[in-house]
């Protein structure tokens, strides 16, 4: 038995210290760039406290031709969430906060959809996607950008949202509660979320070019611009801007892969970087403990023989091929990111891209590198994902094309536009106005002005809205309820495309006529 144990230890040690050849990473990224239309990619890998790869590929901007390098700044989107939970952990270490503190004890005006839930909602509940609200609930307040919602609006919005599950019983990803977590950080520390992250995390880690918001960057040089292939060709789109600095705790950070190597090294080194302890080891370990179970199986599932998937504190948790995987993805318009940590191998990998979907290179490139580390069977991720995207896009295009064809042929002779005109209000989203502009109906959101668009009659009491906002495909149906006189009294909405991003939660709106 001792001989077998010694052999096993030797075998495991050889795996632990195996490295993926940087030339292999180059080949994977270059293959992705050649096979799928996209702008740029940046990749970094750390192992055993050393940076073994940090490099940029492709274009930071299609319009200027600027190239991506290891210092190019990208929006890391929801990978910002782990910075928010780390900030909370630092306040716990300082004795200023406890994970089970009630949110209302810190923010008295915080309100959920139920008095019991409001009273018992804890700091951990804010960051573990188990609130009872639906996927992306309330995201429409900030997606697309350009709205005028404030933190105060977020704090009061949840009481008007309809839960889809019992409190703490089901995983449904959310962003707005991370905004509340950022407000907790401000009230407990006395510093706004972005100032805390930049001073207490980024500065000690030497993340010199990174910032909590695009608006905070010290230089406008070497910043990746967002691109989209949603309309069938690669095109540069507008940057998501948040001048009111609201969305940051959920997805605001701009960083480079070079800077993120420091962040991953700290995570893999029990909260310490270059001798500076940012998080106590116990607190850092808690970040990777299961808080919300997503699913589990006694029998391994899928290509990685996975047995569980759960959410920790700002991190996704699962097992792949016998290894514990700590990860997170992120997405903003034209920007996608992916971080993977493999603690048993002391490995961290980050992939940043500035094209969406762009063949989902942030998944395929990452999976190819991870597979090399965990000795998984070749899954040909690029071909697999390309096939999925093509099938999905084809199915979605068929649905969307059919809607607009119906609108094109719809009979509108008997349509009385004045029956639909008026102001409608949703308790958390505010007022919208249905206007008559030269004989055509227009939907105008008063608090999120980029959600303005012409309304085309579809059928029955339903119109299809083509938004002026075109950075993402998010056109929507608006179905009116009419009273006994044929006058509209309320509007229900939903996205037209089955591929619409979940943040366009039109279906959560309950718009009632107010004038």
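Tell me, which residue of the range 20-55 that is touching a helix residue (DSSP H, G or I) at 6+ places or on another chain (Cβ under 7 Å) and without any contact (Cβ under 8 Å) to a residue 40 or more places away in the chain is surrounded by the most Cβ atoms within 10 Å (Cβ to Cβ)?
53
Report yes if residue 234 is under 19 Å from residue 336 (Cβ atoms) and surrounded by fewer than 23 Cβ atoms within 10 Å (Cβ to Cβ), otherwise no.
When the stated conditions are applied, residue 234 passes them.
On the basis of being more than 27 Å from residue 231 (Cβ to Cβ), surrounded by 15 or more Cβ atoms within 10 Å (Cβ to Cβ) and under 29 Å from the mean Cα position of the chain (by Cα), does residue 491 make the cut?
yes
Just to be sure, is residue 379 under 19 Å from residue 44 (Cβ atoms) and in contact (Cβ under 8 Å) with a residue 60 or more places away in the chain?
The answer is no for residue 379.
Taking the range 223-249, which residues are more than 25 Å from residue 194 (Cβ to Cβ) and in a loop (DSSP other than H, G, I, E, B)?
Matches in the range 223-249: 229, 230, 231, 232, 233, 234.
Please work out which residue is surrounded by the most Cβ atoms within 10 Å (Cβ to Cβ), limiting yourself to the range 59-76 and to residues that are within 23 Å of the chain's Cα centre (by Cα) and over 17 Å from residue 350 (Cβ atoms). Can you show your working first?
If we filter the range 59-76 for residues that are within 23 Å of the chain's Cα centre (by Cα), which is where we start, we get 59-61, 68, 70-76.
Filter once more, keeping what is over 17 Å from residue 350 (Cβ atoms): 59, 61.
Working: 59: 25, 61: 18.
Per the stated criteria, the residue is 59.
In this structure, does residue 350 turn out to be more than 15 Å from residue 73 (Cα to Cα), assigned by TED's automatic domain parsing to the domain that holds residue 250 and touching a residue at least 12 places away in the same chain (Cβ under 8 Å)? Outline the logic, then answer.
Details: more than 15 Å from residue 73 (Cα to Cα): no; assigned by TED's automatic domain parsing to the domain that holds residue 250: yes; touching a residue at least 12 places away in the same chain (Cβ under 8 Å): yes.
So residue 350 does not fit the description; no.
Per-residue answers, yes or no, for (1) buried (at least 24 other Cβ atoms within 10 Å of the Cβ); (2) outside any loop (DSSP other than H, G, I, E, B); (3) modelled with pLDDT under 95:
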position	(1), (2), (3)
167	no, no, no
171	no, no, no
177	yes, yes, no
182	yes, yes, no
186	no, yes, no
197	yes, yes, no
203	no, yes, no
207	no, no, no
218	no, no, yes
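Answer yes or no: is there a residue in the range 143-159 that is at pLDDT 95 or above, out of contact with any strand residue (DSSP E or B) (no Cβ under 9 Å at 6 or more places or on another chain), in a loop (DSSP other than H, G, I, E, B) and crowded, with 22+ Cβ neighbours inside 10 Å.
no
Within the group 163, 108, which residue is farther than 28 Å from residue 446 by Cβ and either outside any helix (DSSP H, G or I) or assigned by TED's automatic domain parsing to the domain that holds residue 74 (or both)?
108
Could you tell me which residue of the range 269-294 is surrounded by the fewest Cβ atoms within 10 Å (Cβ to Cβ), considering only residues that are assigned to a strand (DSSP E or B) and touching a residue at least 60 places away in the same chain (Cβ under 8 Å)? Give the derivation first.
Here is the first cut: in the range 269-294, the ones assigned to a strand (DSSP E or B) are 272-273, 276-277, 292-294.
Checking which are touching a residue at least 60 places away in the same chain (Cβ under 8 Å) leaves us with 273, 276, 292-294.
Details: 273: 21, 276: 11, 292: 19, 293: 14, 294: 16.
Going through the qualifying residues, I end up with 276.
Residue 90: crowded, with 20+ Cβ neighbours inside 10 Å, modelled with pLDDT of 95 or more and in a loop (DSSP other than H, G, I, E, B), yes or no?
Details: crowded, with 20+ Cβ neighbours inside 10 Å: yes; modelled with pLDDT of 95 or more: yes; in a loop (DSSP other than H, G, I, E, B): no.
Answer is no for this residue.
The values are calculated or read from the model by the stated rules, or taken from the named source; none is laboratory data. No experiment lies behind these values; they were computed from the predicted model shown. Positions of Cβ are generated from backbone atoms using ideal geometry, with glycine treated the same way; all protein chains shown enter the neighbour counts.
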